[in-house]
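The values are calculated or read from the model by the stated rules, or taken from the named source; none is laboratory data. This structure is a prediction, so every number in the text was calculated from the model and none was measured. Glycine also receives a Cβ, built like all others from the backbone with ideal geometry; neighbour counts cover every protein chain displayed. All accessible areas refer to the heavy atoms of the entire protein, side chains included, with ligands and DNA or RNA removed. Shrake-Rupley method; radii C 1.70, N 1.55, O 1.52, S 1.80 Å.
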Amino acid sequence: MARSSSLLYLDGVSVSFDGFKALNELSLTIAPGEMRAIIGPNGAGKTTMMDVITGKTRPDSGEVFFNGTVDLTGEDEASIAELGIGRKFQKPTVFESHTVWDNLELALKAPRGPFATLFHVISGAEKKQVDHLLDLIRLGSKRNELAANLSHGQKQWLEIGMLLAQDPKLLLVDEPAAGMTDAETAETAELLKDIANDHSVVVVEHDMVFVRSLGVKVTVLHEGSVLAEGSLDHVSANERVVEVYLGR
Amino acid sequence: MMSSFLFRAMDARAGLFLAIMAAVIILVPACNLLLPEGSTFHVPNYAVTLMGKYLTYALLALAVDLVWGYCGILSLGHAAFFALGGYAMGMYLMRQIGTRGVYGDPILPDFMVFLNWGELPWYWYGFDMFWFAALMVLLVPGVLAFVFGWFAFRSRVTGVYLSIITQALTYALLLAFFRNDMGFGGNNGLTDFKDILGFDIQADTTRAGLFAASGLALVLCFLICRAITRSKLGKVLVAVRDAESRTRFLGYRVEHYKLFVWTLSAMMAGIAGALYVPQVGIINPGEFAPANSIEVVIWVAVGGRGTLVGAVLGAVLVNFAKTWFTAALPDIWLFALGGLFVVVTLFLPKGIVGIVSQGWTALRQRKISEDYEAGSDEPPSQAPQSPASPANVSPKTSSSTLPADAEPQPAE
């Protein structure tokens, strides 16, 4: 796909840590509105790829473009977030000593400068939006609970809710189903499918059942580059994939 | 906009604090000036100055609590900003001495005459005017903090590393101010002050006035801190403290937030120093000693970090204990202080304020349960929000069910 029509465009991206090539000439394109699952064995470079896209790690070489025109390699985390890329961490990271409500309020799209927040008074529209998000992530009854008191699965959802509150164009979701019960995993898949209706989503996941239930195009990473791409059945049939990953 | 900002600072807890402070600010000077010496309620002169000193310490502790308790920046160098504010005020007081110094030079302070300096160094210009000195009390610590913070926070220096460089900062200033050629009186510092704004600095009324000024400065800074910590900015600060990278990925520029509170906090420390100097009558490089900054952190920890009121309480209590101990059992004080820090860290992670609010919550909980047993229809709710739980709770949720364990996490 051409760079200009893509939402996210990675071309020949390499990152090495002390000689270890975490990403090796990785090229990947996400179309606007697409939902993509990324799988791969441990150390395949999934999290490093997220770090590169969100500005946490600078690539040694290669191009990263958002919306076809914005070069992400020159931006920091805060400005990339402002551009419309939201990220959920592998380990659920929420603000534990804030309430669920405050977590969402902080994530809401609004001016991010210190003076803007100093004089900020929450508006009715913002309250409505937080209420809507609380319903969506099924935490309405926990709105005044401290985030520290949520269960693991609820924290994952809260973090997804915070991501949505930012109103991003692209969501990067790192292992949303990790540590969840089967029922929670199924619900999370539904939630992500809902979200994918009006957002582009990249999901990194280990859980094959979960990936299958998403039913989207899959990219297999191995040793820092793309090994195979296509539907889950298609990549599962690939011998190399079976060898490095599924066959183990 | 401004009114809602200030309105946010007020609630029952702030009201209680303000009421106590108002009583102190009015009663202590009144009992000193108006009552005859024989009276039981007469406050002796030395006590007014002593308590005035405590109030300036309390303001310093408040400044540390703002950055440490809410933003997780453990500063071990706040005494540097305190001392710089003190020096700015000291320079004004030196210029007021005029011909009354030992050498009687109308322009040069005594130590410069003693060092055979021909003329006033350029950086002493303007300090004969109070407004200029007052401005410098804010600007010198503020600018230093801004420059220091700009580099430190932009390079993402956090945790222990930041604490260590703040120690280095105050130590470097200590060594610099010890040198005679710096032009700040070297080892002896600045002293032998005569008057302030035309009032005799030794007079009872001036001392009472300084006491009241310290109290008012404390109240004002308390209200500012409280308005900040209860605003959305305050929530962002706590977010930075708890999960810095998450805050970044939400699009907040963490370094800007840190720089804002850090600079503000340094300016408050400067004000505290400026009020401290006329009351104790001297400022010397000893105020930059690294141990001083560490002591401030102990005050805040004892009172309860992230509570504002706790910082004030801790500063007053620990210093009161220090005054008593150093008089009664001088050899034991440092052991007692060290022991206190260990005990607080191990057994009172939330400090005095934390314990009190926990106890109060438990008591209320018990009463509600008893009422319920006695046949009231109201079922026992969850633990009601404790009065002293961190102030970063939005007003919307303040009547709801918040467990009391919203304690600040220890800095790495």
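Brief remarks follow.
- Against chain B, whose longest principal axis comes from its Cα atoms, helix B:290-303 is set at around 30 degrees.
- Between helix B:45-65 and chain B: long-axis angle, C-alpha atoms, 0 to 90°, nearest 10: 60
- Chain lengthening between B:Leu50 and B:Tyr372 when straightened (0.36 nm per residue, less Cα-Cα): 111.0 nm
- Contour excess over end-to-end distance, with Cα ends at B:Thr345 and B:Tyr171 and 0.36 nm allotted per residue: 60.1 nm
- Of the accessible area of chain B, computed with a 1.4 Å probe over protein heavy atoms only, carbon and sulfur atoms account for 69 percent.
- Span from the the range A:137-173 Cα centroid across to the the range B:3-74 one, whole angstrom: 42
- With contacts taken as Cα pairs under 8 Å at a separation of at least 6 residues, chain B carries a relative contact order of 27 percent.
- A:Asp135 exposes around 110 Å² of accessible area when a 1.4 Å probe is run over every protein chain in place.
- Cα gyration tensor shape for the range B:1-133, rounded if a/c is under 1.5, else prolate or oblate: oblate
- Residue-by-residue Karplus 3J(HN,Hα) for the range B:74-81, coefficients 6.51, -1.76, 1.60, Hz, glycine and proline x: 7, 8, 10, x, 5, 4, 5, 5
- 3J(HN,Hα) along the range B:194-205, derived from phi through the Karplus expression 6.51 cos²θ - 1.76 cosθ + 1.60 where θ = phi - 60°, amounts to 10, 9, 10, 6, x, 9, 5, 5, 8, 5, 4, 5 Hz, with x in place of Gly and Pro.
- The residue list B:Met94, B:Ala79, B:Phe153 was ranked by how far each Cα lies along the charge dipole of the range B:53-163 toward its positive end, using unit charges on Cβ atoms, and B:Phe153 comes out on top.
- Relative contact order (percent, whole number), chain A, Cα cutoff 8 Å, 6+ residue spacing: 27
- Counting only other chain Cβ atoms within 10 Å of each residue's Cβ, the peptide B:238-248 averages 6.
- Candidates B:Val296, B:Val219, B:Val312: whichever shows maximal mean-square fluctuation once chain B is modelled as a Gaussian network with Cα springs under 10 Å: B:Val219
- Counting DSSP beta bridges with both ends in the protein assembly as shown, the antiparallel % (nearest 5): 60
- Dividing the summed -39500 (n - 2.57) terms of all DSSP H runs of n ≥ 4 by the residue count of the protein assembly as shown sets its mean residue ellipticity at 222 nm at -17000 deg cm²/dmol.
- Taking the longest Cα principal axis of chain B as reference, the axis of helix B:159-178 is set at about 20 degrees.
- Karplus-based coupling profile of the range A:55-60, in residue order and whole Hz: x, 6, 10, 8, x, 6, with θ = phi - 60° in 6.51 cos²θ - 1.76 cosθ + 1.60 and x standing for Gly or Pro.
- 18 Å cut-off, amide nitrogen to a point 7 angstrom out along B:Lys194 Cα→Cβ, residues in the range B:72-111: B:90-111
- Peptides ranked, highest mean first, by Cβ atoms within 10 Å: ranges B:136-142, A:114-120, B:361-367, B:88-94: B:88-94, B:136-142, A:114-120, B:361-367
- Where a label projected 7 Å from the Cα of A:Glu229 along Cα→Cβ would reach, residues of the range A:60-104 with amide N under 18 Å: A:62-69
- Calculated FRET efficiency for the pair B:Ala12/A:Val209, C-beta based, R₀ 60 Å, to 0.05: 0.70
- When each of B:Lys235/B:Lys367; A:Lys193/B:Lys232; A:Lys169/A:Lys193; A:Lys88/A:Lys109 is checked by Cα-Cα distance, pairs over 26 Å: B:Lys235/B:Lys367; A:Lys193/B:Lys232
- Chain B: most fluctuating residue of B:Ser245, B:Ser163, B:Ser231 per GNM, C-alpha cutoff 10 Å: B:Ser245
- With a Förster radius of 30 Å applied to the C-beta separation of B:Ala203 and B:Ala19, the computed FRET efficiency comes to 0.55.
- Solvent exposure of the range B:2-405, expressed per residue, is 43 Å² of accessible area, with all protein chains present and a 1.4 angstrom probe.
- Straight-line cross-link partners of B:Lys350 among the aspartates and glutamates, defined as a Cα under 12 Å from its Cα and at least 8 positions apart when in the same chain: B:Asp405, B:Glu407.
- Contact surface A-B: accessible area buried, both sides summed, square angstrom, 1.4 angstrom probe: 3600
- Within a straight-line Cα-Cα reach of under 18 Å, A:Lys128 can be paired with the following aspartates and glutamates, leaving aside sequence neighbours fewer than 8 residues apart in one chain: A:Asp102, A:Glu105, A:Asp167.
- Oblate is the label for the range B:174-271. Its Cα gyration tensor axes, ordered a ≥ b ≥ c, give a/c of at least 1.5 and b/c at or above a/b.
- Gyration tensor (alpha-carbon) shape descriptor, the range A:42-105, a/c threshold 1.5: oblate
- When chain B is treated as a Gaussian network with alpha carbon springs shorter than 10 Å, the biggest mean-square fluctuation among B:Val353, B:Val102, B:Val67 belongs to B:Val102.
- Between the amide H of A:Met35 and those of A:Val201, distances stay under 5 Å, these residues lying 5 or more places away or on another chain, with hydrogens modeled in the peptide plane.
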